[in-house]
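Okay, structure first, notes after.
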Amino acid sequence: MSANTNYAYTSLANIASGPHARWRRILLIALIPMLCAFVYIALEPSAIPSYKGSQYPYQHNVSIPDGDTSMAAVIKALYEPILHPVAAANFTDDEGQVYRLHGEPRFKQKLGKKVLVLDIDSRPLNKPGQLMDDELVWKGGEGIRALSAGMLSHYTYAMIHGYDYKFVRAPDYEDRWGTWVKVPVMKEALKTHDYILFMDSDVMLHFPHLPLEWLLNYWNLTKETLIMMSLDPDEPQNYDSRGNRYLNTGFVIAQQSERTQEMFKVWAECPDEGRYQGCAKWKLEMFHEQAAFGNYVRYDFDRPEDVKVLPCVEANGAPEAENRGGCKGTFVRHYWVNKGLVSKALSDQVMQYFVPRLHQLYHKSGGDHVVNAKGNYRLQGAEMIELTNEEKQALKNDEGKNQKDEGW
């Protein structure tokens, strides 16, 4: 599927600079300590050994293209060796749970720039700790506002997988709540890209090495699918007027088609009540555009593949919300329980990949810096005395005396 040239739209295609162009520098400030180590690992010829049986099989060395020392190149080089294959038959999460494809995968090659990772906001975001401020520091996660951390993770995910990325500062509606702006912007984005991945700023993909193509295969996005969204938790406030649970508009995957354009058009126009009487109440009343979609739009677009409903456990919530209908966010974390956890999640998202690689490097070069004196020597005053064979055996029998477990 390619962009439909009949769509008279150029503005997103022409966004090549602007506020989001500063993000390279902001992300560099946030991650520079780890990147220094990344570069060292990248340039060490045999730093990363095979890591068989692991969720992260480091079977190849990192390599940076000659002459390209940009941050984007470093990030891509860091993750490239551990990217999960697009058409893999299964995926094992960090708890050992195995997720398997059902049938032949539709997507077998990377989609690249056909995918747009999209952030949308109408606020200036230029206060201290916010994304568009001139300076941003980490300070243990306290120096960055949570929602800015979320958008940085979206930007990083796009770089890792070679997708396009745009931040759109949308104009405000005069008569409705700010979250409504996402609907017309998504509609326009689908005129320039085959697929869009939109996330609210408190939403993150938990496994940045897992490509969107694999998730599209797993969730079975067909050629007829217009949109994918997750169920909200099974709670009274999350039901529409017909007794069905709302679909959460904080995480949206949409596929370009004329029917998709029509769906987004009627969705954006819902409060005008030309087609849906009673929809004006959702201009300002919770849950705004989500309630409009849930009460009206999805019942108009009801072909079997039009709207793909994703499980709440996989594409909504976070571990802190597991007691709310099991919505623990296996693949997609939505931190509506505690938005303050987003900056921590950004740190975890990087460190879950960096720490195992640093650990493997430590073991690989252990012969140079690990000295095993225990079991071969004993301490006597200020001296280290080599043990006899009898003393070595006695020491084994007494191992652990006068010690506590690590960290306790």
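Below are the figures for this structure:
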{"read-out": "Proxy reagent accessibility, fewest Cβ within 10 Å first, across HIS161, HIS288, HIS334", "value": "HIS288, HIS161, HIS334"}
{"read-out": "Dimensionless Rg ratio for the stretch 240-335, taking C-alpha atoms and the 2.2 N^0.38 Å reference", "value": "1.15"}
{"read-out": "Ascending count of other beta-carbon atoms within 10 Å, so fewest first, for ASP202, ASP300", "value": "ASP300, ASP202"}
{"read-out": "Per residue convex hull volume, Cα atoms of the stretch 70-150, in Å³", "value": "185"}
{"read-out": "Zone residues, the stretch 178-215, relative to LEU101, backbone N less than 15 Å from point 7 Å out along Cα-to-Cβ", "value": "210-215"}
{"read-out": "Local electrostatic count at ARG303 - Lys and Arg +1, Asp and Glu -1, tallied over other residues with Cβ under 9 Å", "value": "-3"}
{"read-out": "Label-zone membership for the stretch 66-100, site ASN323, 7 angstrom Cα→C-beta point, backbone N under 18 Å", "value": "none"}
{"read-out": "Estimated vicinal HN-Hα couplings, Hz - the stretch 285-292 in sequence order (Karplus 6.51, -1.76, 1.60; Gly, Pro = x)", "value": "8, 4, 9, 6, 5, 5, 5, 4"}
{"read-out": "Per-selection metrics, the stretch 312-394 (Cα): Rg and Dmax in Å", "value": "23.9, 63"}
{"read-out": "Global geometry of the stretch 76-220, whether rounded, prolate or oblate, following the gyration tensor of its Cα atoms and the 1.5 cut on a/c", "value": "oblate"}
{"read-out": "Straight-distance crosslink candidates among lysines, where the alpha carbon sits under 16 Å from LYS392 and sequence neighbours closer than 8 are dropped", "value": "LYS374, LYS401"}
{"read-out": "Virtual spin-label span in nm between ALA280 and GLN237, 7 Å along Cα→Cβ", "value": "2.6"}
{"read-out": "Phi to ³J(HN,Hα) by Karplus 6.51 cos²θ - 1.76 cosθ + 1.60 over the stretch 70-79, Hz, x for Gly, Pro", "value": "5, 4, 4, 5, 5, 4, 4, 5, 4, 8"}
{"read-out": "Burial order of peptide ranges 347-355, 90-98 (average beta-carbon count within 10 Å, highest first)", "value": "347-355, 90-98"}
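Each reported figure results from applying straightforward, stated rules to the coordinates on display, with no laboratory input. Bear in mind the structure is a predicted one, so any value in this text is a computation, not a measurement. Neighbour counts are summed over all protein chains in view; Cβ atoms, including those assigned to glycine, are modelled from backbone coordinates with ideal geometry.
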